[in-house]
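The values are calculated or read from the model by the stated rules, or taken from the named source; none is laboratory data. These figures come from a predicted structure and were not determined experimentally. Virtual Cβ from ideal backbone geometry, glycine too; neighbours counted across all protein chains shown.
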Ligand SMILES: C[S@@+](CC[C@H](N)C(=O)[O-])C[C@H]1O[C@@H](n2cnc3c(N)ncnc32)[C@H](O)[C@@H]1O
(Lines give C-alpha, C1' and ligand atoms only; values in the text may rest on other atoms or scores of the structure.)
Protein backbone atom coordinates (compact mmCIF):
# COMPACT_ATOMS: atom_id res chain seq x y z
CA UNK A 1 0.00 0.00 0.00
CA UNK A 2 2.77 2.43 1.02
CA UNK A 3 4.71 1.86 -2.20
CA UNK A 4 1.63 2.37 -4.37
CA UNK A 5 0.89 5.55 -2.43
CA UNK A 6 4.47 6.80 -3.08
CA UNK A 7 4.18 5.91 -6.78
CA UNK A 8 0.90 7.84 -7.01
CA UNK A 9 2.62 10.83 -5.38
CA UNK A 10 5.50 10.64 -7.87
CA UNK A 11 3.13 10.47 -10.84
CA UNK A 12 1.01 13.34 -9.65
CA UNK A 13 4.11 15.45 -8.96
CA UNK A 14 5.33 14.74 -12.49
CA UNK A 15 1.96 15.80 -13.85
CA UNK A 16 2.08 19.02 -11.89
CA UNK A 17 5.61 19.66 -13.22
CA UNK A 18 4.16 19.16 -16.68
CA UNK A 19 1.62 21.83 -15.84
CA UNK A 20 4.51 24.05 -14.71
CA UNK A 21 6.13 23.58 -18.11
CA UNK A 22 2.92 24.53 -19.89
CA UNK A 23 2.58 27.61 -17.71
CA UNK A 24 6.22 28.58 -18.37
CA UNK A 25 5.79 28.05 -22.12
CA UNK A 26 2.68 30.26 -22.09
CA UNK A 27 4.54 32.96 -20.16
CA UNK A 28 7.43 32.77 -22.65
CA UNK A 29 4.98 32.98 -25.55
CA UNK A 30 3.41 36.15 -24.09
CA UNK A 31 6.87 37.65 -23.53
CA UNK A 32 7.87 36.81 -27.11
CA UNK A 33 4.68 38.36 -28.48
CA UNK A 34 5.37 41.52 -26.47
CA UNK A 35 8.97 41.64 -27.79
CA UNK A 36 7.71 41.19 -31.35
CA UNK A 37 5.25 44.06 -30.89
CA UNK A 38 8.10 46.21 -29.57
CA UNK A 39 10.29 45.19 -32.55
CA UNK A 40 7.51 46.11 -34.96
CA UNK A 41 7.02 49.48 -33.28
CA UNK A 42 10.77 50.22 -33.56
CA UNK A 43 10.76 49.29 -37.25
CA UNK A 44 7.64 51.34 -37.93
CA UNK A 45 9.27 54.37 -36.27
CA UNK A 46 12.44 53.88 -38.35
CA UNK A 47 10.41 53.60 -41.55
CA UNK A 48 8.44 56.72 -40.71
CA UNK A 49 11.49 58.73 -39.77
CA UNK A 50 14.01 57.58 -42.38
CA UNK A 51 12.17 55.90 -45.22
CA UNK A 52 9.40 58.38 -46.02
CA UNK A 53 6.80 56.18 -44.33
CA UNK A 54 7.28 53.50 -47.01
CA UNK A 55 4.19 51.27 -46.87
CA UNK A 56 4.34 47.54 -46.42
CA UNK A 57 3.40 45.49 -49.46
CA UNK A 58 0.17 43.55 -49.00
CA UNK A 59 0.40 40.24 -47.05
CA UNK A 60 0.31 37.95 -50.13
CA UNK A 61 3.37 39.72 -51.56
CA UNK A 62 5.14 39.57 -48.20
CA UNK A 63 4.42 35.85 -47.94
CA UNK A 64 6.08 35.24 -51.32
CA UNK A 65 9.41 36.51 -50.03
CA UNK A 66 9.33 35.36 -46.44
CA UNK A 67 8.70 32.59 -43.98
CA UNK A 68 5.49 34.38 -42.99
CA UNK A 69 3.67 37.61 -43.81
CA UNK A 70 4.25 39.49 -40.55
CA UNK A 71 5.57 43.05 -40.81
CA UNK A 72 8.43 42.12 -38.48
CA UNK A 73 9.63 39.34 -40.80
CA UNK A 74 9.60 41.74 -43.77
CA UNK A 75 11.28 44.61 -41.98
CA UNK A 76 13.84 42.54 -40.08
CA UNK A 77 15.11 40.58 -43.07
CA UNK A 78 15.28 43.82 -45.05
CA UNK A 79 17.40 45.41 -42.34
CA UNK A 80 19.77 42.41 -42.53
CA UNK A 81 20.03 42.46 -46.34
CA UNK A 82 20.31 46.24 -46.66
CA UNK A 83 23.02 46.19 -43.99
CA UNK A 84 25.03 43.78 -46.12
CA UNK A 85 24.41 45.93 -49.22
CA UNK A 86 25.67 49.05 -47.46
CA UNK A 87 28.73 47.13 -46.22
CA UNK A 88 29.61 45.84 -49.67
CA UNK A 89 28.60 48.73 -51.94
CA UNK A 90 28.61 51.66 -49.52
CA UNK A 91 25.93 54.33 -48.96
CA UNK A 92 26.68 56.28 -52.15
CA UNK A 93 27.13 54.16 -55.27
CA UNK A 94 27.89 56.27 -58.34
CA UNK A 95 26.73 53.72 -60.92
CA UNK A 96 23.82 51.27 -61.30
CA UNK A 97 23.59 48.32 -58.91
CA UNK A 98 21.12 45.50 -59.55
CA UNK A 99 18.96 43.77 -56.94
CA UNK A 100 18.37 40.51 -58.83
CA UNK A 101 15.25 38.83 -57.37
CA UNK A 102 14.15 42.04 -55.65
CA UNK A 103 10.70 40.77 -54.65
CA UNK A 104 8.54 43.56 -53.24
CA UNK A 105 11.50 45.67 -52.17
CA UNK A 106 12.37 44.29 -48.75
CA UNK A 107 15.96 45.50 -49.24
CA UNK A 108 15.10 48.56 -51.33
CA UNK A 109 12.92 50.05 -48.59
CA UNK A 110 15.88 50.45 -46.21
CA UNK A 111 18.01 52.07 -48.94
CA UNK A 112 15.48 54.90 -49.19
CA UNK A 113 17.42 57.24 -46.84
CA UNK A 114 20.38 57.25 -49.26
CA UNK A 115 19.95 59.62 -52.22
CA UNK A 116 22.52 57.79 -54.36
CA UNK A 117 20.68 54.52 -53.89
CA UNK A 118 17.41 56.13 -54.93
CA UNK A 119 19.15 56.99 -58.22
CA UNK A 120 21.29 53.94 -58.86
CA UNK A 121 19.09 51.13 -57.56
CA UNK A 122 17.80 48.69 -60.21
CA UNK A 123 15.60 45.73 -59.35
CA UNK A 124 14.20 42.79 -61.27
CA UNK A 125 12.17 39.73 -60.41
CA UNK A 126 10.14 37.01 -62.09
CA UNK A 127 7.24 38.07 -59.86
CA UNK A 128 5.32 40.57 -62.00
CA UNK A 129 2.98 41.53 -59.12
CA UNK A 130 5.92 42.43 -56.88
CA UNK A 131 7.55 44.47 -59.64
CA UNK A 132 4.26 46.26 -60.37
CA UNK A 133 3.86 47.08 -56.68
CA UNK A 134 7.34 48.62 -56.56
CA UNK A 135 6.72 50.59 -59.73
CA UNK A 136 3.48 51.96 -58.24
CA UNK A 137 5.47 52.91 -55.14
CA UNK A 138 7.61 55.11 -57.40
CA UNK A 139 10.69 52.91 -57.71
CA UNK A 140 11.98 53.72 -61.17
CA UNK A 141 14.28 51.05 -62.52
CA UNK A 142 12.33 47.87 -61.88
CA UNK A 143 11.66 45.17 -64.43
CA UNK A 144 10.19 41.73 -64.78
CA UNK A 145 12.79 39.14 -65.75
CA UNK A 146 12.63 35.55 -66.91
CA UNK A 147 13.23 32.37 -64.90
CA UNK A 148 16.28 31.71 -67.06
CA UNK A 149 18.97 34.05 -68.45
CA UNK A 150 19.29 36.51 -70.06
CA UNK A 151 18.39 39.42 -67.80
CA UNK A 152 16.85 42.40 -69.60
CA UNK A 153 20.00 44.54 -69.45
CA UNK A 154 22.93 45.27 -71.78
CA UNK A 155 26.42 43.91 -71.18
CA UNK A 156 28.39 45.62 -68.40
CA UNK A 157 25.61 47.94 -67.22
CA UNK A 158 26.16 47.31 -63.51
CA UNK A 159 28.94 48.23 -61.12
CA UNK A 160 27.39 45.81 -58.65
CA UNK A 161 24.72 43.17 -58.22
CA UNK A 162 23.19 41.54 -55.18
CA UNK A 163 20.85 38.58 -54.80
CA UNK A 164 19.55 37.59 -51.37
CA UNK A 165 17.78 34.23 -51.14
CA UNK A 166 17.44 33.92 -54.92
CA UNK A 167 19.89 31.17 -55.91
CA UNK A 168 18.45 29.38 -52.87
CA UNK A 169 15.31 28.77 -54.96
CA UNK A 170 16.91 28.09 -58.35
CA UNK A 171 18.05 24.60 -59.31
CA UNK A 172 21.85 24.27 -58.96
CA UNK A 173 21.83 22.78 -62.45
CA UNK A 174 21.27 26.38 -63.63
CA UNK A 175 23.68 28.14 -61.28
CA UNK A 176 26.62 28.21 -63.68
CA UNK A 177 24.43 29.73 -66.40
CA UNK A 178 23.32 32.36 -63.89
CA UNK A 179 26.92 33.14 -62.89
CA UNK A 180 27.72 33.58 -66.59
CA UNK A 181 24.84 36.04 -66.76
CA UNK A 182 25.98 37.86 -63.63
CA UNK A 183 29.39 38.22 -65.26
CA UNK A 184 27.81 39.52 -68.47
CA UNK A 185 25.80 42.30 -66.81
CA UNK A 186 28.66 43.36 -64.51
CA UNK A 187 31.31 45.69 -65.81
CA UNK A 188 34.97 44.61 -65.38
CA UNK A 189 35.84 45.03 -61.71
CA UNK A 190 32.14 44.87 -60.78
CA UNK A 191 31.17 43.06 -57.59
CA UNK A 192 28.34 40.62 -56.92
CA UNK A 193 27.07 39.65 -53.49
CA UNK A 194 24.92 36.52 -53.50
CA UNK A 195 23.69 34.03 -50.94
CA UNK A 196 23.34 30.26 -51.18
CA UNK A 197 22.00 27.58 -48.89
CA UNK A 198 24.25 24.77 -47.72
CA UNK A 199 24.56 22.15 -45.03
CA UNK A 200 22.27 24.00 -42.62
CA UNK A 201 19.31 23.74 -44.96
CA UNK A 202 19.53 19.99 -45.29
CA UNK A 203 17.11 19.37 -42.44
CA UNK A 204 14.41 20.71 -44.79
CA UNK A 205 15.30 18.21 -47.52
CA UNK A 206 13.94 14.68 -47.87
CA UNK A 207 16.20 11.77 -46.96
CA UNK A 208 16.89 10.97 -50.66
CA UNK A 209 17.55 14.69 -51.17
CA UNK A 210 20.08 14.73 -48.34
CA UNK A 211 21.74 11.69 -49.85
CA UNK A 212 21.92 13.42 -53.24
CA UNK A 213 23.57 16.45 -51.59
CA UNK A 214 26.19 14.26 -49.94
CA UNK A 215 26.98 12.45 -53.19
CA UNK A 216 26.76 15.31 -55.70
CA UNK A 217 27.24 18.49 -53.68
CA UNK A 218 23.78 19.85 -54.34
CA UNK A 219 20.07 19.19 -53.90
CA UNK A 220 16.96 20.73 -55.43
CA UNK A 221 13.43 20.05 -54.24
CA UNK A 222 10.58 21.95 -55.87
CA UNK A 223 7.69 23.20 -53.78
CA UNK A 224 4.65 22.04 -55.71
CA UNK A 225 2.17 24.50 -54.15
CA UNK A 226 0.63 26.62 -56.92
CA UNK A 227 2.31 29.99 -57.34
CA UNK A 228 4.96 29.07 -54.79
CA UNK A 229 8.60 29.85 -55.46
CA UNK A 230 9.89 28.52 -52.15
CA UNK A 231 11.82 25.71 -53.78
CA UNK A 232 14.75 24.36 -51.82
CA UNK A 233 18.13 24.63 -53.50
CA UNK A 234 21.24 23.85 -51.49
CA UNK A 235 24.86 23.58 -52.60
CA UNK A 236 28.22 22.88 -51.01
CA UNK A 237 30.96 25.49 -50.95
CA UNK A 238 32.93 23.37 -53.45
CA UNK A 239 29.94 23.34 -55.82
CA UNK A 240 29.80 27.13 -55.98
CA UNK A 241 33.57 27.47 -56.34
CA UNK A 242 33.37 25.21 -59.39
CA UNK A 243 30.27 27.00 -60.73
CA UNK A 244 32.00 30.39 -60.75
CA UNK A 245 35.39 29.09 -61.87
CA UNK A 246 36.76 31.06 -64.81
CA UNK A 247 33.89 33.57 -64.62
CA UNK A 248 34.07 35.40 -61.33
CA UNK A 249 36.79 35.61 -58.70
CA UNK A 250 35.78 34.69 -55.15
CA UNK A 251 36.61 37.69 -52.98
CA UNK A 252 34.93 36.32 -49.88
CA UNK A 253 32.99 33.36 -48.57
CA UNK A 254 31.18 33.63 -45.26
CA UNK A 255 29.59 30.39 -44.12
CA UNK A 256 26.12 31.18 -42.66
CA UNK A 257 27.04 34.85 -43.03
CA UNK A 258 23.53 35.93 -43.96
CA UNK A 259 20.73 35.47 -41.43
CA UNK A 260 22.89 32.76 -39.84
CA UNK A 261 21.67 30.12 -42.26
CA UNK A 262 22.71 31.27 -45.74
CA UNK A 263 26.25 31.34 -47.04
CA UNK A 264 27.34 34.74 -48.36
CA UNK A 265 29.58 35.11 -51.41
CA UNK A 266 31.41 38.18 -52.60
CA UNK A 267 32.35 37.71 -56.26
CA UNK A 268 34.23 39.97 -58.63
CA UNK A 269 34.28 40.19 -62.39
CA UNK A 270 38.00 40.32 -63.29
C1 LIG B 1 13.03 34.63 -50.81
S2 LIG B 1 12.62 35.81 -52.01
C3 LIG B 1 13.86 37.05 -51.68
C4 LIG B 1 13.48 38.39 -52.23
C5 LIG B 1 14.52 39.49 -52.02
N6 LIG B 1 15.79 39.16 -52.63
C7 LIG B 1 14.68 39.77 -50.55
O8 LIG B 1 15.69 39.38 -49.96
O9 LIG B 1 13.78 40.36 -49.99
C10 LIG B 1 13.15 35.11 -53.53
C11 LIG B 1 12.84 36.00 -54.71
O12 LIG B 1 13.51 35.48 -55.85
C13 LIG B 1 12.63 35.59 -56.94
N14 LIG B 1 13.12 34.67 -57.98
C15 LIG B 1 13.10 33.33 -58.00
N16 LIG B 1 13.67 32.86 -59.13
C17 LIG B 1 14.09 33.95 -59.83
C18 LIG B 1 14.77 34.14 -61.07
N19 LIG B 1 15.13 33.12 -61.84
N20 LIG B 1 15.05 35.40 -61.47
C21 LIG B 1 14.69 36.45 -60.72
N22 LIG B 1 14.04 36.33 -59.53
C23 LIG B 1 13.75 35.11 -59.09
C24 LIG B 1 11.27 35.27 -56.37
O25 LIG B 1 10.22 35.70 -57.19
C26 LIG B 1 11.35 36.02 -55.04
O27 LIG B 1 10.93 37.34 -55.16
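Restricting attention to the stretch 31-57 and to residues that are outside any helix (DSSP H, G or I) and in contact (Cβ under 8 Å) with a residue 60 or more places away in the chain, the residue that is farthest from the ligand (Cβ to nearest atom) turns out to be 52.
Filtering the stretch 83-102 to residues that are in contact with a strand residue (DSSP E or B) (Cβ under 6 Å, 6 or more places away or on another chain) and within 11 Å of the ligand (Cβ to nearest atom) leaves 85, 98, 99, 100, 101, 102. Consider the stretch 119-129 and keep the residues that are crowded, with 19+ Cβ neighbours inside 10 Å and outside any loop (DSSP other than H, G, I, E, B). The one that is farthest from the ligand (Cβ to nearest atom) is 120.
Rundown of residues vs (1) at pLDDT 95 or above; (2) assigned to a loop (DSSP other than H, G, I, E, B); (3) more than 10 Å from the ligand (Cβ to nearest atom); (4) not assigned by TED's automatic domain parsing to the domain that holds residue 195, yes/no style:
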| position | (1), (2), (3), (4) |
| --- | --- |
| 69 | no, yes, yes, no |
| 75 | yes, no, yes, no |
| 81 | yes, no, no, no |
| 106 | yes, yes, no, no |
| 117 | yes, no, yes, no |
| 131 | yes, no, no, no |
| 150 | yes, yes, yes, no |
| 153 | yes, yes, yes, no |
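Contact annotation: no residue pair with Cβ atoms under 7 Å, 6 or more positions apart or on different chains, pairs a residue in the stretch 195-223 that is assigned by TED's automatic domain parsing to the domain that holds residue 82 and in contact (Cβ under 8 Å) with a residue 24 or more places away in the chain with a partner that is surrounded by fewer than 12 Cβ atoms within 10 Å (Cβ to Cβ) and in a strand (DSSP E or B).
The set of residues in the stretch 155-179 being surrounded by fewer than 17 Cβ atoms within 10 Å (Cβ to Cβ) and either away from the ligand (no atom under 12 Å from the Cβ) or assigned to a strand (DSSP E or B) (or both) consists of 155, 156, 173. Here residue 268 fulfils each of the conditions (1) in contact (Cβ under 8 Å) with a residue 60 or more places away in the chain; (2) under 18 Å from the mean Cα position of the chain (by Cα) apart from (2).
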